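A.B. asks: Sharing a structure, written as structure tokens. Questions coming.
Values in this text are rule-based calculations from the coordinates and carry no lab data. On a predicted model such as this, the values are computed, not experimentally measured, just so you know. Neighbour counts run over all protein chains shown; Cβ positions are idealised from the backbone, glycine included.
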Amino acid sequence: MTDEIYPVPSDFAARARVTAQDYERRYRASIENPEAFWAEEAQFLQWIKPFTRISDTSFDIADLRINWFEDGTLNASVNCVDRHLPEKADRPAILWEGDAPGESRVVTWGEFFEQVNRLANVLTGLGVGKGDVVTIYLPVIPEVMVAMMACVRLGAVHSVVFSGFSAEALASRIEDARAKVVITANEGHRGGRFHPLKRNVDEALRTQASVAHVVVVRRSPADAPMTGGRDVWYDEALAAAAPWCEPVEVGAEDPLFILYTSGSTGKPKGLLHTTGGYLTHAGTSWRNIFDWRDGDVFWSTADVGWVTAHTYKIYGPLLNGATSVMFEGVPTWPDSSRWWSIIEKHGVSIFYTAPTALRALMREGEGPVRKHDLSSLRVLGSVGEPINPEAWRWFHQTIGGGRCPIVDTYWQTETGAVLLTPLPGAVPNKPGMAGKPYFGVRPEVVDAQGATLEGPASGNLCFRGSWPGQARTILNDRERFSKTYFAPFSGRFFSGDGVLRDADGYYRITGRVDDVVNVSGHRLGTVELESAIASHPAVTEAAVVGYPHEVKGQGVFAYVTLKEGFEETEFLRAEIVAWVRARIGSIASPDIIQWAPALPKNRAGKILRRILTKVAANDFENFGDVSTLAEPAVVEEIVKRRQQTLRKSA
Ligand code: WT7
């Protein structure tokens, strides 16, 4: 795989924002003197009070500190919106396409600015002030961007929750963040289906006393149950609010947002990002990575509930005054040419998406693509999971016409911004490889004993030294933050990913090495899934592992042991799947449920997932050291049952 190289197209290289020479020179300088590098990048922002201290950081768990530009002050919404008004008030900020073809909106910078100000005034009226948390549970509509900007205008902290999460998942995120206000919509539209978001909020709020008010966007004419004194309609409240709201001055290390993600233990963690460092990293990396210049039309297909959208669909483009496309629906509805029709309609020049969608669309052949003119495309991006070379080549050739560099960007909710990527004008592409470190980033390949490996190597992916975009803590759980990321390999941040580095210094992510599975680019904690399944009245216990899935990358494979008296039926299988969807959301649906009379455990009672992962991948040999198994017969039974299932379906 690694000998396949696609050089930077020469016309592209000639006018790129970062050329190969720039990359080498600036990368070296950024590593030799990170403070000088980032202090200069931070000039990209408009500060109220300029910072005098650049960084104060330590990854030593006894003295964990992550502070950037600490004594500077600023306002995020001024940087994202107000700054662009003099030149761009009448130009489009957002080109929105609704779920159903034909439903679209253009929001200019001027209109966007006014809505942000009005909503900020509404929120003030509802008691929201600096440091308060607002949970945003909205579909991919312009109002989600308005809501985020209105919060940060007040120095309030947004916590966006993916609108595909269930009422129960929403409730736990509201509770953890002690949100004061929830912003939602009467319903969300996706793939021709309508989701009752407001009803989910009502259900979630039955157990949540911290929320005093709910603001409801009218996504459609459909009515929604409104609770008097608590709920207000977004459109009515905005119409009654004043069109100017004074931005609140905040410190660089004041919180900007919380975003929940799954980890290896059951409870989702609320990663906390702060203002000055995050905005510096988001704004400057976005334009370098996508080689953006004024006039480009940018489109990230990510849902607003994930970090991809926070940094590179919302903050990155807004900070740069870029025009971006926002699409509410799915790539396969009403048919598989939907994305390509949107690219043609808006002349999208930079397109950022996920491998899982590409794999699904690839199956439909070239027909749906050929119906549209995609010649406006200039840069392509991939994110969220490893991209297999076959999907990479299809993206490059069939979508990009062979002329667009692909940025395979590696990063995480925790890292806030990209850490590894081939910069498009500087680093030739190798399919399936996430390229080289971004400026100021020092990756290390570390073996199980904690030794840093040099040259071509494989091991655990760690990073040495802080970068401004990184998360500062886990909300309400600083100990978990330090234990998860800084304890495993001392003095370094541990990503949880396995990695391979080749002789040219390119990195390939080989997947999670912890109890996390990556399903269609969505991160799911196996323990979280297991507890959801085990809470079903028929279930004694469950073990969940990932298995290779052609489209999703990894699928969810659940081994389930039933209580006595319950029968292993198809009906019960379907019920358990529905149970998990209701507890977490449809992204967590188990793909395969394998009944298991018992689970393989060691004598201490710990489930041996290593074996279960092999069986799930239809690998029935070489289970490694099985001497710790309490009951070897359990494994034989599981293998026998799995083989039976395979024979039946063959
Ligand atoms: C995990 C982070 C940050 C964007 C979306 C996901 C995997 C992310 C890549 C890539 C291979 C990747 C890693 C990482 N991942 N980008 N380009 N190649 N794997 O954010 O939900 O925080 O998940 O996604 O496993 O740890 P996230």
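A.B. asks: Between LYS640 and SER220, what is the FRET efficiency for a Förster distance of 41 Å, r being their Cβ-Cβ separation, to the nearest 0.05? Intermediate results must be reported in sequence, preceding the final value.
C.D. replies: Working: r = 52 Å, r/R0 = 1.27.
The value I calculate is 0.20.
A.B. asks: List the GluC sites (Glu not before Pro) within the range 42-101 that fall in a DSSP loop (any state other than H, G, I, E or B) and whose Cβ has at most 11 other Cβ atoms within 10 Å.
C.D. replies: Numbers: sites: GLU70, GLU87, GLU97; in loops: GLU70.
Loop-located and lightly packed - none at all.
A.B. asks: Can you tally the net charge around ALA13? Count Lys and Arg as +1, Asp and Glu as -1, for every other residue whose Cβ sits under 14 Å from the Cβ of ALA13.
C.D. replies: Details: positive: ARG15, ARG17, ARG378, ARG403; negative: ASP11, ASP22, GLU24, ASP291.
That works out to 0.
A.B. asks: Which of the trypsin sites (Lys or Arg not before Pro) found in the range 80-158 are in a DSSP loop and have at most 16 neighbouring Cβ atoms, other than their own, within 10 Å? Please list the in-between numbers first.
C.D. replies: Numbers: sites: ARG83, LYS88, ARG105, ARG118, LYS130, ARG153; in loops: LYS130.
Counting only loop positions with at most 16 other Cβ atoms within 10 Å, the trypsin sites (Lys or Arg not before Pro) in the range 80-158 are LYS130.
A.B. asks: Another one. Counting other C-beta atoms within 10 Å, which of SER382, SER649 has the fewest, and how do the rest follow? All intermediate terms of the calculation are to be shown ahead of the outcome.
C.D. replies: Numbers: SER382 26, SER649 6.
Fewest to most other Cβ atoms nearby, the residues stand as SER649, SER382.
A.B. asks: Sticking with this one: Treating the range 272-385 as a set of equal point scatterers at the Cα positions, no solvent, please give the Debye-formula log₁₀ I(q)/I(0) at q = 0.19 Å⁻¹.
C.D. replies: Rounded to two decimals, the profile gives -1.00.
A.B. asks: Turning to a different aspect of this structure: Between GLN46 and GLU364, what is 0.36 nm times their sequence separation minus the Cα-Cα distance? Round to one decimal in nm. Walk me through the intermediate numbers first.
C.D. replies: Values: separation 318, 0.36 × 318 = 114.48 nm, distance 4.66 nm.
Going from the current span to full extension adds 109.8 nm.
A.B. asks: Cβ neighbours within 10 Å, averaged per peptide: list 145-151, 305-311, 394-400 in order, most packed at the top.
C.D. replies: Result, highest mean Cβ count within 10 Å first: 145-151, 305-311, 394-400.
A.B. asks: With each pseudo-label sitting 7 Å past Cα toward Cβ, what's the GLU249-GLU550 distance in nm, one decimal?
C.D. replies: 6.1 nm
A.B. asks: Hey, another quick one. Per residue and in cubic angstrom, what volume does the convex hull of the Cα atoms of the range 502-611 have? Please list the in-between numbers first.
C.D. replies: Values: hull volume 13.7 nm³, N = 110.
Output value, Cα hull per residue: 124 Å³.
A.B. asks: Pop the C-beta distance of ALA89 and ARG15 into the FRET formula with R0 = 22 Å and round what comes out to the nearest 0.05.
C.D. replies: Working: r = 29 Å, r/R0 = 1.30.
After rounding to 0.05, the efficiency reads 0.15.
A.B. asks: Between ARG230 and ASP625, what length in nm is gained on full extension when 0.36 nm per residue of separation is reduced by their alpha carbon distance?
C.D. replies: Details: separation 395, 0.36 × 395 = 142.20 nm, distance 5.90 nm.
Using 0.36 nm per residue and subtracting the Cα-Cα distance, I get 136.3 nm.
A.B. asks: Please state, rounded to one decimal and in Å, the Kirkwood hydrodynamic radius that the range 392-438 gives when every pair of distinct Cα atoms enters the mean of 1/r.
C.D. replies: On the way: mean 1/r = 0.0898 Å⁻¹.
It is 11.1 Å.
A.B. asks: Shifting gears a bit: Which GluC sites (Glu not before Pro) in the range 101-198 pass both tests, a DSSP loop state and at most 16 other beta-carbon atoms within 10 Å?
C.D. replies: Listed in order of number, the matching sites are GLU103.
A.B. asks: To the nearest 500 deg cm²/dmol, what mean residue ellipticity at 222 nm is calculated for the chain from DSSP H runs of n ≥ 4 alone, each contributing -39,500 (n - 2.57), summed and divided by the residues?
C.D. replies: Numbers: 21 runs with 195 residues, N = 650.
Taking each H run of at least 4 residues, the total per residue is -8500 deg cm²/dmol.
A.B. asks: Here is a further query. According to the Kirkwood expression over distinct Cα-Cα pairs, how big is the hydrodynamic radius of the chain, in Å? The partial results should precede the final answer.
C.D. replies: On the way: mean 1/r = 0.0391 Å⁻¹.
Kirkwood radius, the chain: 25.6 Å.
A.B. asks: Please list the equivalent ellipsoid semi-axes of the range 221-329, computed as the square roots of five times the alpha-carbon gyration tensor eigenvalues, in descending order and whole angstrom.
C.D. replies: On the way: eigenvalues 152, 92, 68 Å².
After diagonalising the Cα gyration tensor, the semi-axes are 28, 21, 18 Å.
A.B. asks: With both bridge residues required to lie in the chain, what share of the DSSP beta bridges run antiparallel, to the nearest 5%? Each step should come with its number before you reach the end.
C.D. replies: On the way: 63 of 103 bridges.
Around 60 percent antiparallel, to the nearest 5.
A.B. asks: Between beta-carbons, use under 12 Å as the cut-off and find the net charge around LYS269, counting Lys and Arg +1, Asp and Glu -1. Please list the in-between numbers first.
C.D. replies: Numbers: positive: ARG173, LYS267, ARG478, ARG480, LYS483, ARG523; negative: ASP176, GLU414, ASP477, GLU479, GLU528.
Spelling it out: positives minus negatives among the neighbours equals +1.
A.B. asks: Still on this model: Please compute the length gained on full extension between ILE31 and SER264, using 0.36 nm multiplied by the number of residues separating them and subtracting their Cα-Cα distance. The partial results should precede the final answer.
C.D. replies: On the way: separation 233, 0.36 × 233 = 83.88 nm, distance 3.15 nm.
Extra length from ILE31 to SER264 when fully extended: 80.7 nm.
A.B. asks: With label points built 7 Å along Cα→Cβ from the Cα atoms of ALA582 and ARG603, find their separation and express it in nm.
C.D. replies: The answer from the label model is 4.3 nm.
A.B. asks: Something else about it: For the cross-link pairs LYS483/LYS552; LYS483/LYS606; LYS345/LYS552; LYS269/LYS313, which exceed 25 Å when the distance is taken from alpha carbon to alpha carbon? Walk me through the numbers on the way to the answer.
C.D. replies: Working: LYS483/LYS552 30 Å; LYS483/LYS606 21 Å; LYS345/LYS552 28 Å; LYS269/LYS313 22 Å.
Checking Cα-Cα distances, LYS483/LYS552; LYS345/LYS552 exceed 25 Å.
A.B. asks: Below 12 angstrom from the Cβ of ALA222, what's the summed charge of the other residues (Lys, Arg +1; Asp, Glu -1)?
C.D. replies: With Lys, Arg at +1 and Asp, Glu at -1, the neighbours total +2.
A.B. asks: In whole percent, what relative contact order does the range 514-649 give with Cα contacts below 8 Å and a gap of six or more residues?
C.D. replies: Numbers: 202 pairs, mean separation 27.3, N = 136.
With pairs under 8 Å counted, the relative contact order is 20 percent.
A.B. asks: With r defined as the distance between the Cβ atoms of ALA487 and ASP3 and R0 fixed at 35 Å, what FRET efficiency is calculated, to the nearest 0.05? Show your work: numbers first, answer last.
C.D. replies: On the way: r = 38 Å, r/R0 = 1.09.
The calculated FRET efficiency here is 0.35.
A.B. asks: What percent antiparallel are the DSSP beta bridges of the range 117-236, to the nearest 5? Before the final figure, lay out each step's value.
C.D. replies: Working: 3 of 19 bridges.
Once the DSSP bridges in the range 117-236 are tallied, antiparallel ones form about 15 percent.
A.B. asks: Pairs of Cα atoms under 8 Å, at least six residues apart: use those to get the relative contact order of the chain, whole percent.
C.D. replies: Working: 1431 pairs, mean separation 89.8, N = 650.
This gives 14 percent for the chain.
A.B. asks: Once label points are set 7 Å from the Cα along Cα→Cβ at both SER210 and GLU454, what is their separation, rounded to one decimal in nm?
C.D. replies: 4.9 nm
A.B. asks: To continue, here is another question. Dividing the alpha-carbon radius of gyration of the range 157-204 by 2.2 N^0.38 Å (N being the number of residues), what value is obtained?
C.D. replies: Values: Rg = 10.8 Å, N = 48, 2.2 N^0.38 = 9.6 Å.
The value comes to 1.13.
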